[in-house]
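> Mind having a look at this structure? Questions to follow.
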Amino acid sequence: MQLSNNSIVLIGMPGAGKSTLGILLAKELGLGFVDTDIAIQVRRGETLQETLNKHGYIYLRDCEEQVLLTEDIDHKVVATGGSAVYSEQGMARLKSLATIVFLDVSLPQLRQRITNFDQRGIARKPNQTLEELFLERRALYQRYADLTIDGDQQSVQQVLETLSQRLR
């Protein structure tokens, strides 16, 4: 598979490993790295959870959309927030500039990885469970993905090796 414009965008659920894998992949490929969650926090001067508490989940999704539409992603690996796929405009821009990789992790594995669901700054409806969020988002991740990597039951290093091979 050839990279589109030498950029890679990682999408997937919170806890899928996008940020961790993104840094390692950027290092391996000699690319820059952008984490959209961090970009939101820097722009807002507060944590994602603080933004959620003050303004709600729709506002946080809007903040993410602005990052997706304006951040320089040329020759970079981008780790998106889990809610990036709600922005059709943002995802259309990313898809035009990069190869979109869906890190697919099962619900049982996500439950093991996410121990702070209510404090993690996840853009979700009030009282929405992890399972409900998983079911709602999975179809969107699949829709936008150019490539899907099974991140279940694998170490970050194994996922990195698999992804590197598939991108060559």
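> Among residues belonging to region 23-59 that are closer than 21 Å to Gln89 by Cα, of a type in the set (Val, Ile, Thr) and assigned to a helix (DSSP H, G or I), point out the one that is farthest from the chain's Cα centre (by Cα).
Per the criteria, the residue is Ile58.
> When you go through Asp62, Asp72 one by one, which is the residue that is part of a helix (DSSP H, G or I), of a type in the set (Asp, Glu), surrounded by fewer than 23 Cβ atoms within 10 Å (Cβ to Cβ) and at pLDDT 95 or above?
Being part of a helix (DSSP H, G or I), of a type in the set (Asp, Glu), surrounded by fewer than 23 Cβ atoms within 10 Å (Cβ to Cβ) and at pLDDT 95 or above holds for just one of Asp62, Asp72, which is Asp62.
> A further question follows. Quick one: count up the residues across region 118-133 that are within 30 Å of Ser7 (Cα to Cα) and free of Cβ contacts under 8 Å to residues at least 24 places away in the same chain.
Here is the first cut: in region 118-133, the ones within 30 Å of Ser7 (Cα to Cα) are 120-124, 130, 133.
Next cut, free of Cβ contacts under 8 Å to residues at least 24 places away in the same chain only: 130.
Number satisfying all stated conditions: 1.
> Is there a residue in region 23-32 that is within 18 Å of Ser83 (Cβ to Cβ) and surrounded by 15 or more Cβ atoms within 10 Å (Cβ to Cβ)?
The answer is no; no qualifying residue exists.
> Has region 81-91 got any residue that is modelled with pLDDT of 95 or more, outside any helix (DSSP H, G or I) and buried (at least 18 other Cβ atoms within 10 Å of the Cβ)?
Scanning region 81-91, I find at least one residue that is modelled with pLDDT of 95 or more, outside any helix (DSSP H, G or I) and buried (at least 18 other Cβ atoms within 10 Å of the Cβ), so the answer is yes.
> Which of the residues belonging to region 38-49 are charged (D, E, K, R) and in contact (Cβ under 8 Å) with a residue 24 or more places away in the chain?
Of everything in region 38-49, just one residue is charged (D, E, K, R) and in contact (Cβ under 8 Å) with a residue 24 or more places away in the chain, namely Arg43.
> Residue check: is Thr36 within 18 Å of Glu65 (Cβ to Cβ) and surrounded by 15 or more Cβ atoms within 10 Å (Cβ to Cβ)? Spell out the reasoning first.
Details: within 18 Å of Glu65 (Cβ to Cβ): yes; surrounded by 15 or more Cβ atoms within 10 Å (Cβ to Cβ): yes.
Yes: the conditions hold for Thr36.
> Within region 102-119, is there a residue that is over 14 Å from Pro14 (Cβ atoms), of a type in the set (D, E, K, R) and in contact with a helix residue (DSSP H, G or I) (Cβ under 7 Å, 6 or more places away or on another chain)?
Within region 102-119, not a single residue is over 14 Å from Pro14 (Cβ atoms), of a type in the set (D, E, K, R) and in contact with a helix residue (DSSP H, G or I) (Cβ under 7 Å, 6 or more places away or on another chain).
Quick grid of which residues meet (1) in contact with an Asp or Glu (Cβ under 8 Å, 6 or more places away or on another chain); (2) free of Cβ contacts under 8 Å to residues at least 24 places away in the same chain; (3) within 29 Å of Arg168 (Cα to Cα):
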position: Thr51; (1), (2), (3): no, no, no
position: Tyr57; (1), (2), (3): no, no, no
position: Val67; (1), (2), (3): no, no, yes
position: Lys76; (1), (2), (3): no, no, yes
position: Gly81; (1), (2), (3): yes, no, yes
position: Gln89; (1), (2), (3): yes, no, yes
position: Lys95; (1), (2), (3): yes, no, yes
position: Thr99; (1), (2), (3): yes, no, yes
position: Leu135; (1), (2), (3): no, yes, no
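The values are calculated or read from the model by the stated rules, or taken from the named source; none is laboratory data. This is a predicted model, so every value here is computed, not measured. FYI the Cβ positions are ideal-geometry reconstructions off the backbone, even for glycines, and counts take in every protein chain you see.
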